[in-house]
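*Asks:* Sharing a structure, written as structure tokens. Questions coming.
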Amino acid sequence: MRIGGNLACEVGKAGVDSMGQKEGNSMGGMVMAVGCSARHTFSKPIREKIMLLAGLGVEGDAHLGATVQHRSRAETECPPNLRQVHLIHSELFEELGLAGFDVSAGQMGENITTRGIELLALPTGTRLHLGKSAMLEVTGLRTPCTQLEQLKPGLMAATLGLDEQGNLVRKAGVMAIVLEGGEVRPGDSIKIEFPPEPFRALEPV
């Protein structure tokens, strides 16, 4: 599969179409796990549920806020927080397992673990409808950081790769903002709403 470069968004739509069931113009997947941490820890404890707050993020999470909350950026900048919610596809854990890394939901710091959606191939601005009322807008890619090495040596390199054109592929999930709040639990459905074309490939945020 090609992920990255000019073909990313075309592949994203085709990939998700092949995974989800069509409902009009929507496809989707499922929430496998949710997590949050009130402290700036790398990993996030798994919870029974989380509450998404419009314009802010995950209630009770250290990254909650309308402006950037990540410590590496908040000390010198105050831009809009495009990283309110972190999502990782559970299929990544299976890929990492084949490479010898035992990683489970929440350990890489995500708030929502998904299944059945090619998150990395979604276009910028894709909206994800979760559960009964919550809605996210995907803003960009999460860049793997050196804290992955503290979790398991070699893990950072394992979450990076190259596509067929030689472009760098960041596999550590995507970031999103909360457009509409609501409760999210494991087992909730995720419906995908694509933005208007032309699609724009995800970039690091």
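FYI, it's all coordinate maths here, none of it is from the lab. Everything quoted here is computed from the prediction, not taken from an experiment. Note that we place each Cβ from the backbone using ideal geometry, even for glycine, and neighbour counts take in every protein chain shown.
*Asks:* Order of D102, D188, D163 from fewest to most other C-beta atoms within 10 Å?
*Replies:* D102, D163, D188
*Asks:* Now, a different point. 7 Å from Cα along Cα→Cβ at both R200 and Q165: what's the point-to-point distance in nm?
*Replies:* It works out to 1.7 nm between the two label points.
*Asks:* For a quick check: sort V31, V174 by the number of other beta carbons within 10 angstrom, fewest at the front.
*Replies:* The most exposed by this proxy come first: V31, V174.
*Asks:* Quick check on the exposure proxy: order K49, K44 from fewest to most C-beta atoms within 10 angstrom.
*Replies:* Details: K49 13, K44 26.
So the residues, fewest neighbours to most, are K49, K44.
*Asks:* If I histogram all Cα-Cα distances within region 62-205 using bins 10 Å wide from 0, what percent of pairs lands in each bin?
*Replies:* Here the calculated profile for region 62-205 is 11, 40, 37, 12, 0.
*Asks:* Could you calculate the contour length gain from E95 to A157, that is, 0.36 nm times the residue separation minus the distance between their Cα atoms, to one decimal place in nm? Let's see the in-between values first.
*Replies:* Values: separation 62, 0.36 × 62 = 22.32 nm, distance 1.31 nm.
Here the answer is 21.0 nm.
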